[in-house]
Structure formats: C-alpha cells, structure tokens
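The values are calculated or read from the model by the stated rules, or taken from the named source; none is laboratory data. Small disclaimer: the values here were computed from a predicted structure and weren't measured. Positions of Cβ are backbone-derived with ideal geometry, glycine not excepted, and every protein chain shown enters the neighbour counts.
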Amino acid sequence: MSIIVYADKCTGCTLCVKSCAFNAIEMKPREGLPAGRQGTPRKLAVIDLDKCTLCGACIDACKKFGAIEIKTEKESSTDLSQFKGVWIFAEQREGKIQSVGYELLGEGRKLAQDLKTDLSAVLCGGEDIEEEVSQLFAYGADKVYLLHHNELKDYKSLPYTRAVAELLTKHKPEVFLLGATTMGRDLAARLAIRVGAGLTADCTSLGIDPDNKNLLQTRPAFGGNIMATIICPNNRPQMSTVRPKVFRKPDKQAGRTGELIKFNPAFTPEDLVVKLIEVIKDETSKVNLAEAEIIVSGGRGIGEAKNFKLIEDLAKILGGAVGASRATVDAGWISAHHQVGQTGKTVAPKLYIACGISGKIQHLVGMQSSATIVAINKDPDAPIFKVATYGIVGDLFEYVPLLTKKLQEIRG
Ligand SMILES: Cc1cc2nc3c(=O)[nH]c(=O)nc-3n(C[C@H](O)[C@H](O)[C@H](O)COP(=O)(O)OP(=O)(O)OC[C@H]3O[C@@H](n4cnc5c(N)ncnc54)[C@H](O)[C@@H]3O)c2cc1C
C-alpha cells in the first residue's frame, strides 16, 4: 500500500497537517509541480513515508478536496483470471489429519463443481505424513500438495506461514478454505496478510455467485442476530475459515486416487526463530466435544457448580461428553472447554440433551445441526423448544436423575 497526494487537487489548506498525529505531513513549495486550486497555489502537502502509518486520518480531513488517497497496489495489479482451483488446508496433529479437513473437502467439492474446477488439499508435516495422503484422495481431493519438512512436523506459525504462502503465490488458487481451529485461525490470518487476500472467519455456509463466480461467505454478525454474506471481489485467493462440524464429512471412496505434488519449502533463519521444546497437553481439554456423538449440556438452570454432577452422571451412562452454556462458563461453574455456541464449540452429535438452557441464538448456532435434540426446561416458552426434537417441560432436578436411573436399569 502507498499514499499519494494529487498536486492538482491539493489546496494547501493544511487540514491534513493538523490531522496527522505522527507529524508526517509538511507543506512544501510546489517547485515545478502543477498549480493547485485557486487561492492556494504556492504550497503542496508532502507526506514523509518514514513517519506515515497509513492511518487515513489525513484522507478524512481532506474529504472535501479528495487530494489524498491510499493506493493498494494489489487492487490495480491482480489479474483474477490467473487464479484457478478450490483448495483446502488439511490440518494434521501428531501426524493424523483432523476431521475438519475432510469436512472442508466435502464442501470444497460443491464449490469446485460450481466453478468447474479442481479440488486440492494442502498437507504439511514431517517425514511420516505422506502416509496420510491417500485419505485425502479418498475423501475427494483431486490433487494433494504435500509439504514435508522437519520444521513442519508440528504447527509453528512462522514456518507454516512461509511454506503455505509460497505455495499459494506459486499456484494461485481462487478459493482457500481452512478450519476455524486454533491452528487454522492463526495460519489463515497470517497468510491473508502475506498474500494480500481477503479472509472471512467462522463461515457457516459457502456458495458461488452464479453471475460473477465470487465466493459467497456467510457468517453470523452482530452477536448472531443477522447472517452476513461477505464477498472479496478484488483479491485472490478468497479465504474462509469454517469451524469443525459445520459441514458434513463426505463419504469415503476407498481406492480413489489423484495427483500428488510435492513441494519443498525454503526457510530463512527468521522463520525458524521459534523452537518447539516440548508439547505439554492441557489435561482440562480432554473433552473432545467436536467429536462426541452424544452431548449432555447444562445451563444456568442447574443453579450452581456442584449440580453439574447431575449432567456428568447422565453423560457418563450414555457414553457422552459434557457441554455447557456460556452462562455457566462465565459463572465459573465449568471450564470454557465445555462451552457450546458462537464463542464456544460448534457441535453436531447424534444426540444433544440441553438441560436448563434457554436456547439463546448464540447457543443455538453451536448445536442446532445435532441429529436429535432433547430439551429439558421448566419454561414452556423457552426458545430451545423451537429446535428440539423432543421437549420435556419440567424441572431438570426431577427429570435428569430419573433419566440416569432409568438408563442404569436398562444397561444393568
Ligand atoms: C457475543 C456473544 C456470544 C455468546 N456466545 C455464547 C456461546 O458461545 N454459548 C452460549 O451458550 N451462550 C453464548 N452467549 C450468551 C447467550 O446470549 C446466553 O446468555 C446464554 O446462552 C444463556 O445461557 P443459559 O441458557 O444457560 O441461561 P439462561 O438464558 O438464563 O437460561 C436458563 C434456563 O434454565 C431454565 N431453568 C431454570 N431452572 C430450571 C429447572 N430447575 N429445570 C429446568 N429448567 C430450568 C430457565 O427456564 C431458562 O430457560 C453469547 C452472547 C453474546 C453476546
């Protein structure tokens, strides 16, 4: 990006000088430059680029005359027709591709069909990662870009960003999807800056505009009260992150193959300044809500922290995980790893039992794709009943222990 002053529009009014908090603008004699507007022909605003932060305050101050503009080089130089293909980032941990990568392949296939193009996966890892490539073909990738290097064995922001940015710059995909996981969020933001792309975080649906082939990226906005569809018409690739379990994992096609393209990333010493000494697993994050097939969640209706025992007992007898509303997390009754919803985890288990949860939109966006939803709430008008498959209007302190007892009897 750069900033320019149009000599023919500058009136020498000094409004920009006053607006600049960094003392980056000075009025200087025009000397050979075109005369300015009437009345102030002698001096011209000159911006010291070493001091300028491109904050845009001078542009606002000069709105009336429009003499200052920030230019994005990309805007004028990006030839969109060079960008082809839908790509997904296949996140791996400890050498195993995470489910979100397969879910992105499922959605990516639909986009690739609409764009009449290929679907590719990017896989980074250490020496042993090549074993996982066949999985990506089986779940729908036409091509796999394999980046292996010891520095890519475990996720580290700098080498991953360097390697994937180099790949994006070389092969120019038009769409690049990543999981909205801790890793995906960190990587996507860095890549978007590095390659000058637009990025929409936490998308809940994706599509292709039939008229201009732009990616339509839909996500909740204003606290989940509206759904906003965002486009990036001027830059490529169009990048989105999507939370795990938002899209369905496609069916596996055993034996399906594709093209494997190996890419050797080159690192600079600056990319390798962070050394991974040891991985210490957070014991409290053992709850893998995203993968659980049954979740029993507690809300403010449980009254106090110790009553989570009722929820845990029911979850245990069902072989499920414990979820929670944000109200209970904020109250300190349970750790944030259990939170389901807009600012927690998105889940889609076979069975979701909501106990004493009202069903505010921010909770619903995180669990409404569950196959079967059972709600227990003493308020018959609670919004949770609108998404529930089965509803029990009653006191959870009566029904939750009753359910646990009955299941214990059935299971012996
Ligand atoms: C930007 C933003 C992000 C947010 N993100 C999230 C998120 O990720 N996840 C989330 O959950 N929330 C989120 N929230 C908060 C959300 O708006 C609600 O405040 C929260 O979900 C309410 O939690 P709750 O249903 O447990 O509590 P309440 O809304 O207080 O509901 C308690 C329910 O318990 C019922 N009840 C009470 N006693 C009993 C009983 N004995 N038996 C049966 N039922 C009983 C009541 O009838 C009531 O319906 C977010 C809010 C904002 C603004």
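The set of residues from the stretch 345-357 being more than 6 Å from the ligand (Cβ to nearest atom) and of a type in the set (G, A, S) comprises A348, A354. Of the listed requirements (1) more than 9 Å from the ligand (Cβ to nearest atom); (2) under 29 Å from the mean Cα position of the chain (by Cα); (3) free of Cβ contacts under 8 Å to residues at least 60 places away in the same chain, I384 misses just one: (1).
Comparison of L407, L351, L396, L364 shows that the only residue that is farther than 27 Å from M227 by Cβ and either buried (at least 20 other Cβ atoms within 10 Å of the Cβ) or under 32 Å from the mean Cα position of the chain (by Cα) (or both) is L396. The C-beta contact set for the stretch 236-249 (first residue more than 14 Å from F176 (Cα to Cα) and part of a loop (DSSP other than H, G, I, E, B), second residue at pLDDT 95 or above and among the aromatic types (F, W, Y), distance under 9 angstrom, 6+ apart or interchain) comprises K249/Y102; K249/Y139.
Of all residues in the stretch 10-29, those that are assigned to a loop (DSSP other than H, G, I, E, B) and surrounded by fewer than 16 Cβ atoms within 10 Å (Cβ to Cβ) total 4. The single condition from (1) modelled with pLDDT of 95 or more; (2) within 28 Å of G412 (Cβ to Cβ); (3) touching a strand residue (DSSP E or B) at 6+ places or on another chain (Cβ under 9 Å) that K309 fails is (3). In this structure, E166 does not satisfy being among the charged types (D, E, K, R) and surrounded by 21 or more Cβ atoms within 10 Å (Cβ to Cβ). For the stretch 129-144, the condition holds for at least one residue, the condition being that it is modelled with pLDDT under 95 and surrounded by fewer than 19 Cβ atoms within 10 Å (Cβ to Cβ). The residue that is nearest to A382 (Cα to Cα), counting only those in the stretch 315-329 that are within 8 Å of the ligand (Cβ to nearest atom) and buried (at least 20 other Cβ atoms within 10 Å of the Cβ), is S325. Within the stretch 58-106, restricting attention to residues that are in a loop (DSSP other than H, G, I, E, B) and β-branched (V, I, T), the residue that is modelled with the lowest pLDDT is T72. Take the conditions (1) on the phi < 0 side of the Ramachandran plot; (2) within 14 Å of the ligand (Cβ to nearest atom); (3) surrounded by fewer than 18 Cβ atoms within 10 Å (Cβ to Cβ); G332 misses just one of them, which is (1).
Can you find a residue in the stretch 261-276 that is within 16 Å of the ligand (Cβ to nearest atom), surrounded by 14 or more Cβ atoms within 10 Å (Cβ to Cβ) and either assigned by TED's automatic domain parsing to the domain that holds G179 or not in a strand (DSSP E or B) (or both)? Checked against the condition, which is being within 16 Å of the ligand (Cβ to nearest atom), surrounded by 14 or more Cβ atoms within 10 Å (Cβ to Cβ) and either assigned by TED's automatic domain parsing to the domain that holds G179 or not in a strand (DSSP E or B) (or both), the stretch 261-276 yields no hits at all.
Of all residue pairs spaced 6 or more apart or on separate chains, those with beta-carbon atoms under 8 Å, a first member in the stretch 182-205 that is on the phi > 0 side of the Ramachandran plot and a second member that is assigned to a strand (DSSP E or B) are D202/R219; D202/P220; D202/T241; D202/V242. Residues in the stretch 221-260 that are on the phi > 0 side of the Ramachandran plot and either surrounded by 13 or more Cβ atoms within 10 Å (Cβ to Cβ) or within 26 Å of the chain's Cα centre (by Cα) (or both): 4 in all. Of all residues in the stretch 124-166, those satisfying the criterion of being small (G, A, S) and more than 17 Å from W87 (Cβ to Cβ) are G126, S134, A138, S157.
Every residue, every condition in (1) surrounded by fewer than 24 Cβ atoms within 10 Å (Cβ to Cβ); (2) closer than 22 Å to Y160 by Cα, yes or no:
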position	(1), (2)
D79	yes, no
Q82	yes, no
I97	yes, yes
V100	no, yes
K110	yes, no
L115	yes, no
D118	yes, no
A121	no, yes
E127	yes, yes
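Checked against the criterion of being basic (K, R) and within 30 Å of Y139 (Cβ to Cβ), the stretch 314-329 contains not a single residue that satisfies it. Taking the numbered list (1) farther than 28 Å from L136 by Cβ; (2) assigned by TED's automatic domain parsing to the domain that holds S157; (3) in a loop (DSSP other than H, G, I, E, B) in turn, M227 passes all entries but (3).
In the stretch 299-311, the qualifying residues are those that are among the charged types (D, E, K, R) and in contact (Cβ under 8 Å) with a residue 12 or more places away in the chain, and the one that is nearest to the ligand (Cβ to nearest atom) is R300. Which members of the stretch 335-344 meet the condition of being near the ligand (Cβ under 9 Å from one of its atoms) and modelled with pLDDT under 95? Once the filter is applied, which keeps residues that are near the ligand (Cβ under 9 Å from one of its atoms) and modelled with pLDDT under 95, the stretch 335-344 yields G341, Q342, T343, G344.
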